[in-house]
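Scroll down for the structure; my scribbles are underneath it.
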4 protein chains.
Amino acid sequence: MSDDSQAQMDKARAWWDTQIIDIHPGKIGVRGYPIQELIGRITFPDMIWLMTRGDLPSRAQSKLLEAALVASVDHGPHAPSIAIARMAMTCGIDLNNAMASGINVLGDIHGGPGQQCMELYAEIRAAGGEDLPSTIDRVLHEFVARHGKIIPGFGHRFHPIDPRVAPLLALVDEAAREGVVNGTYAAIGREVEAALRRRTGKAIPMNIDGVTAVIFSELGFPPPMGRGLFILSRSVGILAHAWEQSQRHERIKGPMPKEIPYTYSGPERRSLDPDR
Amino acid sequence: MSDDSQAQMDKARAWWDTQIIDIHPGKIGVRGYPIQELIGRITFPDMIWLMTRGDLPSRAQSKLLEAALVASVDHGPHAPSIAIARMAMTCGIDLNNAMASGINVLGDIHGGPGQQCMELYAEIRAAGGEDLPSTIDRVLHEFVARHGKIIPGFGHRFHPIDPRVAPLLALVDEAAREGVVNGTYAAIGREVEAALRRRTGKAIPMNIDGVTAVIFSELGFPPPMGRGLFILSRSVGILAHAWEQSQRHERIKGPMPKEIPYTYSGPERRSLDPDR
Amino acid sequence: MSDDSQAQMDKARAWWDTQIIDIHPGKIGVRGYPIQELIGRITFPDMIWLMTRGDLPSRAQSKLLEAALVASVDHGPHAPSIAIARMAMTCGIDLNNAMASGINVLGDIHGGPGQQCMELYAEIRAAGGEDLPSTIDRVLHEFVARHGKIIPGFGHRFHPIDPRVAPLLALVDEAAREGVVNGTYAAIGREVEAALRRRTGKAIPMNIDGVTAVIFSELGFPPPMGRGLFILSRSVGILAHAWEQSQRHERIKGPMPKEIPYTYSGPERRSLDPDR
Amino acid sequence: MSDDSQAQMDKARAWWDTQIIDIHPGKIGVRGYPIQELIGRITFPDMIWLMTRGDLPSRAQSKLLEAALVASVDHGPHAPSIAIARMAMTCGIDLNNAMASGINVLGDIHGGPGQQCMELYAEIRAAGGEDLPSTIDRVLHEFVARHGKIIPGFGHRFHPIDPRVAPLLALVDEAAREGVVNGTYAAIGREVEAALRRRTGKAIPMNIDGVTAVIFSELGFPPPMGRGLFILSRSVGILAHAWEQSQRHERIKGPMPKEIPYTYSGPERRSLDPDR
């Protein structure tokens, strides 16, 4: 019996095995580094990288990651994630709950385009081929056949030109010149933009998702982490809006003022069938 | 060592001890009942009662609970819980996630008044006293001093008279006549309504939270379960609206159409201090 | 300007259009029925059907739905949804929040097999063909090629025979005899079970997801509603366990007692590179 | 009618008024700063401050905030927030959903002690008095009477001495010497530690919540933002663990391996009363 117990105990312990953090009384090791050696000496983006990648970035890599994190924090209360967090704060729940309800909706459509764009870039890169433009034409053709004509990372329903793209792309170019990154994905991103113009005859410029996908790909993050990093960034906006809303002390804030009724298009008034 | 393991193992097993469900290969016991003896023989409200209370209700108790569950399923898309679930479905997440984001906001303000009203009724009942009206005047006086003048369960920001109250109260009265419940809380609820009229000089009639609080209290549920039961009921509305929304295939639905801008009242355009 | 306002206003109103519920001061109409005509007269499963389908079921249809709702409420604290809700209650959040965190994880793997099984049944039905067994062999062959060898709704990692299946299937058969349903999906489900035995040489019997998929399909629900209905059912278990946990007044309950450490398999202790 | 429409439209627009972000086609202003002037020029902690406070911090203030954000990212899978996110990833949901379920439980007990400690410090500061130790003795006495003997921010159920405290406190002292902060809250925190030793006769040292409460208070954040900032920090750990778990491709991970059963302490097997 006790042998079984030992084996079960070992299995239970291993059930929660991790390579991230090692904790003993008085000691916390993060990816092997004693926490007290990190505090005050590495930046928050360094820590994000260390936790998710297992090792520390160079300062230049970290700065590029940081720029992407800074750029994506908010896009206003028309975004469901932000509106939901604001509404949530008027329902008698706490900041953590309101943030959870908002972050939760950063799904495939609202939070996924960066990840999907990274997958597209990776597919283009893997396709190889001598001639990047014709490779991209082919990959895009297949992509549209599979997923429809919305290309993640390109075009914006609101901004003709997304003001966050140029400064971020300039930072990637600078990092490429300095050998921090190799510039492969910046080239791919620009060629996708060109291919979309060829394909459609109009400008469908790179947007925030497309340019952060360039950065995260250049830095070696896998596509799903594109969503993860976006969530860390957008959480700042969700927190700021939830907090601002909480200062207004409104109660049960609906999507529109209650004086503005919605339309009803269901069946007209009817009664239960008495024979039912 | 192996003795320690045995003790640790026992502790680990007991860590998740429950009185609700017992599972062995091929056997599922719910509060002692083999599941196959319950299926097809008890109602869904019976099962809700059995799971949360530990024993089965009488048929009459179950019918009264069922009426309350039927009454609270929905109050339209102006309710944040419903609007959030609808918005969530346009963000590329699944029904379970959309329901979670909606249910999550049924907090103290949006989902708590039923529970709070049950606490008020319980306080009135515990206060005892020969004369119910004067007991209530005193308890309400203290309640307002502590919590402000909104009395949970009474008054409605939209309905002058809540159409769900009369039929539910009639069912409680009928159950009291038949000895299913004793009617104490129905009397308390009606006297609170009378006291509020005395106190304010105007009608602040019982609402859906006040009447379901009567029912749940008559049936012996503790106040926090008032919120729990409301959540089970409102989940139906959240599901129905999330599903209806999903059939429209909209993407990233904000609180208002994007052509209708919000106002911005923050600082005017400014630049970084170059000396920072 | 005011014409524009009128148009914008109309668009804003229509933004939240619904066919489910119509609300005016003192009046609540659910799918056309005044709420006061429903309370006390229809069952909770009737209301679930009305809200999600738009019309009322017959009593026999409703009873069959109810049996499925009763059967799926709980499978104990080894299920992540239940364990999460219990852990959540020890963290200082409310029932609505704990339920949300639990319901949220009823995703494709934990809450999706019922839906996936309904899709499989629908694919088999749509495939038609004179001979059901050979149709199923072909569809299963393609299914395994696409999704791998786990067939949603069949086999159980814990129960050799799921005790919930036989009583539910008996109810479907009875309903088919009485003309309430036509029995198509019960036949498909049984033939899938037979096909899996032919295919693998061993018994991979129908489980709770497979049999509720039969019921929901017989009743005409679309596959995604299979997940939705399962959530309504499992919410009862999530609530019951969250409530039971809350009565123990534990604080910050981890997955195992804190005396049982987890293993750490990351890098050994290291220091920051001083030249970084 | 159209006048009404204009008024309703204005009200609808103002419903989502914000001072945080101003968006027009091609333009995004964050607290008045054009986003393109911020990208690459401010740090992520700067952006967190700007978004939540309305203005930019000095570089020294930002560094102190950053140290606190770095320190709190993770405390291993025994923490419910981390364990929940890991379990969630095995249920077929995405990173955003898993993070939401984890963040959601950072409630009063699991995520609130920092905020509560800030409230305690603020109460001590507001109490004023010539003699800080005796003020603290009095405030603590009242605090214990109200809330019980657990003092948020002091003592740790696992670490005799929390290794994160000394380096953070050293950074506060350095900032105080340089006039970045005034050191009031560092003094209060240390005196609370001394008072607890006087009060109980044993060491109940400051923990991570107590020292980040010092930092956030020194920097002028209101108490609820203590929870908000902690969430931003812990989100990094939640993401890292969710991501690590996803790489293991486990399915439906319960709190313990399924071979380790839980105990059941409910009623023994029983049958339905046939006369019910």
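The values are calculated or read from the model by the stated rules, or taken from the named source; none is laboratory data. Here the structure is a predicted model, which is why all the values come from computation and not from measurement. Glycine also receives a Cβ, built like all others from the backbone with ideal geometry; neighbour counts cover every protein chain displayed. For the accessible areas, the whole protein counts, side chains as well, though only heavy atoms, and no ligand, DNA or RNA atoms are used. Shrake-Rupley method; radii C 1.70, N 1.55, O 1.52, S 1.80 Å.
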Please specify each residue of the range A:173-203 satisfying the condition of being hydrophobic (A, V, I, L, M, F, W, C) and closer than 18 Å to A:Ser134 by Cα. A:Ala186, A:Ala187, A:Ile188, A:Val192, A:Ala194, A:Ala195, A:Leu196
Hey, B:Ala175 part of a helix (DSSP H, G or I) and out of contact with any helix residue (DSSP H, G or I) (no Cβ under 6 Å at 6 or more places or on another chain) or not: no
Going by what's in this entry, would D:Gly92 be described as over 23 Å from the mean Cα position of the chain (by Cα) and in a loop (DSSP other than H, G, I, E, B)? yes
Quick count over the range D:66-93, residues being within 7 Å of chain C (Cβ to nearest Cβ), in contact with a His (Cβ under 7 Å, 6 or more places away or on another chain) and among the hydrophobic types (A, V, I, L, M, F, W, C), is 1
Restricting attention to the range B:20-42, the residues that are surrounded by 20 or more Cβ atoms within 10 Å (Cβ to Cβ), touching a Pro at 6+ places or on another chain (Cβ under 9 Å), within 19 Å of C:Leu65 (Cα to Cα) and facing chain D (nearest Cβ under 10 Å) number exactly 1
Taking interchain pairs and intrachain pairs at least six residues apart, which have beta carbon atoms under 7 angstrom, with the first residue in the range B:24-41 and in a helix (DSSP H, G or I) and the second of a type in the set (A, V, I, L, M, F, W, C) and surrounded by fewer than 18 Cβ atoms within 10 Å (Cβ to Cβ)? B:Gln36/C:Ala166; B:Glu37/D:Leu272
Restricted to the range B:133-160, and to residues that are aliphatic (A, V, I, L, M) and open to solvent by 80 Å² or more (accessible area, probe 1.4 Å), which residue is farthest from B:Thr184 (Cα to Cα)? B:Ala145
Taking the range C:146-173 and keeping residues within 20 Å of C:Pro223 (Cβ to Cβ), without any contact (Cβ under 8 Å) to a residue 40 or more places away in the chain and hydrophobic (A, V, I, L, M, F, W, C) leaves C:Ile150
Taking the range A:99-123 and keeping only residues that are open to solvent by less than 20 Å² (accessible area, probe 1.4 Å) and either without any contact (Cβ under 8 Å) to a residue 24 or more places away in the chain or in a helix (DSSP H, G or I) (or both), one is left with A:Met99, A:Ala100, A:Ser101, A:Gly102, A:Ile103, A:Asn104, A:Gly107, A:Gly114, A:Cys117, A:Met118, A:Leu120, A:Tyr121
Flag if B:Arg86 is charged (D, E, K, R), assigned to a loop (DSSP other than H, G, I, E, B) and in contact with a helix residue (DSSP H, G or I) (Cβ under 9 Å, 6 or more places away or on another chain): no
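Here's the yes/no breakdown for (1) surrounded by fewer than 21 Cβ atoms within 10 Å (Cβ to Cβ); (2) touching a Ser or Thr at 6+ places or on another chain (Cβ under 8 Å):
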residue: C:Val192; (1), (2): no, no
residue: C:Thr200; (1), (2): yes, no
residue: C:Ala203; (1), (2): yes, no
residue: C:Asp209; (1), (2): no, no
residue: C:Ile215; (1), (2): no, no
residue: C:Gly226; (1), (2): no, yes
residue: C:Ser235; (1), (2): no, yes
residue: C:Leu239; (1), (2): no, yes
residue: C:Trp243; (1), (2): no, yes
Out of all the residues in the range B:68-79, is one or more of a type in the set (Asp, Glu), farther than 27 Å from C:Gln247 by Cα, open to solvent by less than 10 Å² (accessible area, probe 1.4 Å) and out of contact with any Asp or Glu (no Cβ under 7 Å at 6 or more places or on another chain)? yes
Restricting to the range C:144-172, and then to whatever is farther than 19 Å from C:Ser72 by Cα and outside any loop (DSSP other than H, G, I, E, B), can you tell me which residue is nearest to the chain's Cα centre (by Cα)? C:His147
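The rows are residues; the columns are (1) more than 26 Å from A:Gly76 (Cβ to Cβ); (2) more than 16 Å from the chain's Cα centre (by Cα).
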{"residue": "B:Leu219", "(1), (2)": "yes, no"}
{"residue": "B:Val236", "(1), (2)": "yes, no"}
{"residue": "B:Glu244", "(1), (2)": "yes, yes"}
{"residue": "B:Arg248", "(1), (2)": "no, yes"}
{"residue": "B:Pro255", "(1), (2)": "no, yes"}
{"residue": "B:Lys258", "(1), (2)": "no, yes"}
Subset of the range B:245-275, residues open to solvent by 10 Å² or more (accessible area, probe 1.4 Å) and within 7 Å of chain D (Cβ to nearest Cβ), comes to B:Pro261, B:Tyr262, B:Thr263, B:Tyr264, B:Ser265, B:Gly266, B:Pro267, B:Glu268, B:Arg269, B:Arg270, B:Ser271, B:Leu272
Selected residue (criterion: farthest from the other protein chains (Cβ to nearest Cβ)) from residues of the range A:161-190 that are surrounded by fewer than 20 Cβ atoms within 10 Å (Cβ to Cβ) and basic (Lys, Arg): A:Arg190
Filtering the range A:43-63 down to residues that are open to solvent by less than 10 Å² (accessible area, probe 1.4 Å) and hydrophobic (A, V, I, L, M, F, W, C) yields A:Phe44, A:Met47, A:Ile48, A:Leu50, A:Met51
From the list B:Ala195, B:Ala242, B:Ala213, B:Ala175, pick out the single residue that is more than 30 Å from D:Leu56 (Cα to Cα) and touching a Lys or Arg at 6+ places or on another chain (Cβ under 7 Å). B:Ala242
Only one of (1) part of a helix (DSSP H, G or I); (2) in contact (Cβ under 8 Å) with a residue 24 or more places away in the chain fails for B:Asp55. Which number is that? (1)
Any residue in the range D:248-259 that's assigned to a loop (DSSP other than H, G, I, E, B): show its pairings with residues that are of a type in the set (Asp, Glu) at Cβ separation under 9 Å, as long as the two are six or more apart or on different chains. none
Kindly indicate whether A:Asn96 is open to solvent by less than 10 Å² (accessible area, probe 1.4 Å), free of Cβ contacts under 8 Å to residues at least 40 places away in the same chain and at the interface with chain B (Cβ under 10 Å from one of its Cβ atoms). no
Which one of the conditions (1) over 12 Å from the mean Cα position of the chain (by Cα); (2) within 14 Å of chain A (Cβ to nearest Cβ) does B:Val139 fail to meet, given that it meets all the rest? (2)
